[in-house]
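Chemist: Would you mind keeping the following structure in view while I ask a few things?
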Amino acid sequence: MPRIEREARIVWEGNVARGSGTISAGSGAFAELPYSLPTRIAAAAETTSPEELLAAGHGGCLTMSIASELAQAGSPPKRLEVTCRVVMDEVEGQGHQIVASQVTLAGDEVPDDVLERADASCPFSTLLRNAGVDVTITRA
């Protein structure tokens, strides 16, 4: 696989408490998604947060990895449904940290060995675990 580089453009205006910003994909896939401190710490409709984007990235990466492993095993998936929840919490002496990425898998049956290989080959799972994040995968 070739080297992959992607970028996003972030614009922020104001201080952290009262300011706000937008996040845009370099590819144009999404543009000017709004975010702010209130939308980061509370559920808010039609806005995003860095944690939500991380959850989407991890879930998307792992889903593609599962599809690849299933195809290599001779049984490509018809449908996979993955939900990923990223948890940020206060860690004593370290402030707020990403502490968990909780993945739930539904859809086609995925054998345990295939799921383990997919998780091991997912760069997001590796990145998160290397950073000390608890990554769990459960079945719906």
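Chemist: Do the conditions hold for E109, that is, is it part of a loop (DSSP other than H, G, I, E, B) and surrounded by fewer than 16 Cβ atoms within 10 Å (Cβ to Cβ)?
Modeler: So E109 fits the description; yes.
Chemist: Any idea which of S65, S27, S101 is loosely packed, with under 15 Cβ neighbours inside 10 Å and at pLDDT 95 or above?
Modeler: Just one listed residue meets the conditions, S27.
Chemist: Return the pairs, sorted by first residue and then second, in which the second residue is crowded, with 16+ Cβ neighbours inside 10 Å and among the charged types (D, E, K, R), the first residue lies in region 16-45 and is outside the structural domain of H96 (by TED's automatic domain parsing), the beta carbons are less than 6 Å apart, and the residues are 6+ apart or on different chains.
Modeler: Qualifying pairs under 6 Å: none.
The values are calculated or read from the model by the stated rules, or taken from the named source; none is laboratory data. Predicted, not measured: the structure shown is a model, and the values here were computed from it. When we count neighbours, we look across all protein chains shown, and the Cβ atoms used for this are built from the backbone with ideal geometry, even at glycine.
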